[in-house]
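The values are calculated or read from the model by the stated rules, or taken from the named source; none is laboratory data. Not measured: the values here are computed from a predicted model. Note: ideal-geometry Cβ built from the backbone for every residue, glycine included; neighbour counts use all protein chains shown. Keep in mind that these areas ignore ligands, DNA and RNA; they rest on the heavy atoms of the full protein, side chains included. Shrake-Rupley method; radii C 1.70, N 1.55, O 1.52, S 1.80 Å.
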Amino acid sequence: MPASDNPPFPAVLRLFSVVVIIVLIVGAGLFFAPVLVKPGWPWAVTPFNARFLGGFYTAEMVVMAALLVWNRWSPGRLVLVMAFIFTVIVSVASFINLGYFNFGRKAPWLWFLVYLASVAVSGLFLWRARARPSAKGVTLNPAWRGYMPVESAILGLYGVGLLLFPLTFGSIWPWPVDAFHAQVYSAIFLAGAGGIYLVWRSAPREELLVLGLAQFLVGLLAILGLVITDAAVHRIDWTATGTLCWLALFGWIGISGVFKLYAASRYFSSQSAS
């Protein structure tokens with residue numbers, strides 16, 4: 001893609017990406033080494049919540065690495081919009097549930113510092129670039145044009161439900177999810193809905209690829225984390241309706257990501273051939 005159509009980001013944003021990735025490596029430790037990371041986490045997390053959060057932070061780390069590698073308006077626009085939505089909602093949920101944090105420790109202070117700084121940096125950059133059009137995109141076929149707004153709406157509505165009615169909408173989860181964690185998890189769905197809507201409106205190849213990768217990893221690691229954790233604690237009723245609905249939801253997210261990756265690879269192949 002021509003540099004004039006897809007300019008690079010400022011060096012300060014590249015530095016910001018490096019800092020965020022370092023923080024996310026710690027979060028990813030909840031998936032790969034929960035015993036080591038859980039004692040230092042800002043609040044007490046159960047085994048299932050720890051593994052689920054770790055899986056999401058792993059996916060987010062890969063997405064932020066994409067911004068660091070490409071370092072251009074596309075896919076940076078998508079990454080920053082999703083990061084802004086996620087950090088705003090998690091920050092709000094954290095302030096609503098201050099009782100979960102022990103401010104006699106350093107970890108909660110660092111949590112709020114990192115999230116509020118992320119909100120400020122991503123929000124400021126998006127505001128300053130608000131007049132910039134998206135990078136030149138591909139033309140989505142009619143099937144994608146019809147599917148993506150429906151996908152965005154479903155994820156968005158479920159995210160709003162988790163945020164406003166956390167215990168009701170969190171009741172389908174295979175393990176007990178309290179109001180705080182349900183509200184934190186709402187940010188995942190709302191960020192995904194925002195990213196899908198953005199790509200639907202204009203679909204640069206890089207953004208379609210990064211979005212597909214993010215969805216694939218979120219779906220895969222959520223289900224894999226559930227399997228790994230339950231193998232140790234044996235608490236999940238795999239035949240329960242809620243469990244099956246949850247598996248279907250994250251399976252759908254992951255499969256949708258695979259199809260986006262396939263579509264993006266076809267677009268890249270056709271561009272190379274031309």
Next on the checklist: Explain nothing, just the number: relative contact order of the chain, from Cα pairs under 8 Å at least 6 residues apart, as a whole percent.
Outcome noted: 22 percent
Item to check | Ranked order, SER265, SER17 - accessible area, probe 1.4 Å, largest first | outcome: SER265, SER17
Checklist entry - Just by accessible area at a 1.4 angstrom probe, what is the order of THR46, THR58 from largest to smallest? => result THR46, THR58
Checklist entry - Long-range amide H contacts for VAL138: which residues qualify at under 5 Å (H placed 1.01 Å from N, peptide plane, sequence gap of 5 or more or a different chain)? => result ALA203, ARG205
Item to check | Relative packing of 49-56, 88-95, which averages over residues the other C-beta atoms within 10 Å, highest first | outcome: 49-56, 88-95
Checklist outcome for this item: Calculated from DSSP helices alone, with each H run of at least 4 adding -39500 (n - 2.57) and the total divided by the residues of the chain, [θ]222 nm to the nearest 500 comes to -26500 deg cm²/dmol
Checklist entry - Karplus couplings for region 96-112 from phi (6.51 cos²θ - 1.76 cosθ + 1.60, θ = phi - 60°), rounded to Hz, Gly and Pro as x? => result 5, 10, 4, x, 6, 9, 9, 7, x, 9, 6, 4, x, 5, 5, 4, 5
Item to check | Among 143-156, 65-78, 186-199, the order from most to least packed when residues are scored by Cβ within 10 Å on average | outcome: 186-199, 65-78, 143-156
Item to check | Residues with amide H under 5 Å from that of ARG72, placed H, sequence gap 5 or more | outcome: PHE9
Checklist entry - With the calculation restricted to Cα positions, what are the radius of gyration and Dmax of region 181-274 in angstrom? => result 16.0, 54
Checklist entry - What part of the accessible area of region 1-111, given as a whole %, is carbon or sulfur when the probe is 1.4 angstrom? => result 77 percent
Item to check | Accessible area, probe 1.4 Å, largest first, for residues ASP230, ASP5 | outcome: ASP5, ASP230
Item to check | Solvent exposure of the chain as accessible area per residue, Å², 1.4 Å probe | outcome: 47 Å²
Next on the checklist: With Rg/Rh (Cα atoms, Kirkwood Rh) as the read-out, I listed (1) 0.94; (2) 1.10; (3) 0.96; which label goes with the value calculated from this structure?
Outcome noted: (3)
Checklist entry - Counting only protein heavy atoms and using a 1.4 Å probe, what share of the accessible area of region 139-208 belongs to carbon plus sulfur, as a whole percent? => result 72 percent
Checklist entry - Hey, can you rank 124-131, 104-111, 27-34 by average C-beta count inside 10 Å, highest first? => result 27-34, 104-111, 124-131
